[in-house]
Amino acid sequence: FLYSDVEFPEASKKSHVAADDRHVILSAVPSDAVLAAKFADFRSVAPSLIDGLELNDGYAKSRMAVSLHYSGKLLPLYVFETKGDETVVEEFAGQLGAKGLSVSVKDGFVLASPSETILKSSVRHLEKKVSILDASGFDEAVAFVKGTNALFVSNAHVGRLLPAVLNKSYAGSRDFLVRLSDWTAFDLSRSGETLSLKGASVYDGEATDFMT
């Protein structure tokens, strides 16, 4: 069961929340992400992300992020904080590679994706110190997130996302959602089998802007 609660607060002035250590895992996510999610530990989401991947205790408790990028179709990028010595990191990278993923270790992160193009994009973004944290409106979106597990959706790219997750009858909502805000940010929480999303759509200007 999925419960969602979305608010529409007025955007604040640009903050520096993105520099918070809670969000550093997102610094490896390229700025063209359609959506990005960050988690306090891999253990709670591993079964549904990379089937059959067995982790040692260090990586089971590692902070991670997963994002979707368009490269002919929507494909994921997985980002993990490195844990342990070089041998442990290489072993974990090997586990990911055995699942058919392209893997790179860069600047304290283990990066993996089924797309070599997306993986190289992440490496380039790290080298240039540019990421989703620098995307327009993202700083305001991340300011609304209170917990350690969060989901961020780029409204500018929602046209690529909706067909993949919703029935075609909702396609008409695309233009409205694109104009509604820059980003929609959700705090994620789980209680038993229920996943709850409570979020905010961040926009610039007056609330009436998206109604014209």
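The values are calculated or read from the model by the stated rules, or taken from the named source; none is laboratory data. Not measured: the values here are computed from a predicted model. Cβ placement follows ideal geometry from the backbone for every residue including glycine, while neighbour counts extend to all protein chains displayed.
How many residues does the range 194-212 hold that are at pLDDT 70 or above and more than 16 Å from the chain's Cα centre (by Cα)?
3
Of the residues 97, 147, 72, which is surrounded by fewer than 19 Cβ atoms within 10 Å (Cβ to Cβ) and closer than 20 Å to residue 26 by Cβ?
147
Of the residues in the range 80-105, how many are part of a strand (DSSP E or B) and modelled with pLDDT under 95?
Count: 2.
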